[in-house]
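In what follows, a single structure is set out as structure tokens and then discussed.
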Amino acid sequence: MIATASAVAFVVYSCNDNTTVEDGAEAELKPIQTVDNMFVVQTLNGDLQLRMEADRMERYQNDSTSWELFPDGFAAYMYQVETGKLETTIFADQAKHVKPKSGDEIWQAFGNVRVRNEINDETMETDTLYWDREKETIFTDCYVKMYSNDGFMQGYGMISDQRADNTIIRKPFDSYGVVVQDSTAVIIDTANFIGPLLKK
């Protein structure tokens, strides 16, 4: 990624702005803004980088933090800037986007979280996932299942780049691999074989 490149985000939605002022803790429980049918597109120098969709977004705010909740599900689609191909998808039953006034911005996904690298044909499933956009990483400490052409892996804890291209399961267990064999290969049991040996 080029540091001097500009990023542009477009947001298309129907918006209900609830800006009524409440007192104390009551105000933190009510959204200051709600967005239905959210659709966000982020580009880099005109090339598509990221697309996000959600049925509903609720924005909250207090003195130190603002956050957005996605109570009805969330989907993110990441594209390769070089080729324009869809590379990674992230789906979850719920999500939360936290933006503290000081500190790192974090995305959290909850419930039936599914991360798929479309190019590598790899799928990861977990219950909770954290996405640090500044550090461009995704991670969790929860139980993880991972499916790929090389087999099945499971364990506790995972860390990867945000495109799910280099995934490491921290505490794997009871995983298995798929052994691909050539069905046309001829294997001869020389100890029990009766008859002429085939010439190579």
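Things to note:
- Euclidean distance between Cα centres, region 38-55 to region 69-88, Å: 8 Å
- Among the listed pairs Lys101/Lys145; Lys96/Lys171; Lys99/Lys171; Lys85/Lys135, those with a Cα-Cα distance over 24 Å are Lys101/Lys145; Lys96/Lys171; Lys99/Lys171.
- Student exercise, region 7-177 dipole from Lys, Arg, Asp, Glu Cβ charges, in Debye to nearest 20: 220 debye
- Compactness of region 7-177, taken as the C-alpha radius of gyration over 2.2 N^0.38 Å, stands at 1.12.
The numbers here are math on the coordinates, done by the rules we state, and not lab data. Please read all numbers here as calculations on a predicted model, not as lab measurements. Don't worry about glycine lacking a Cβ; one is built from the backbone with ideal geometry, like all the others, and counts go over all protein chains shown.
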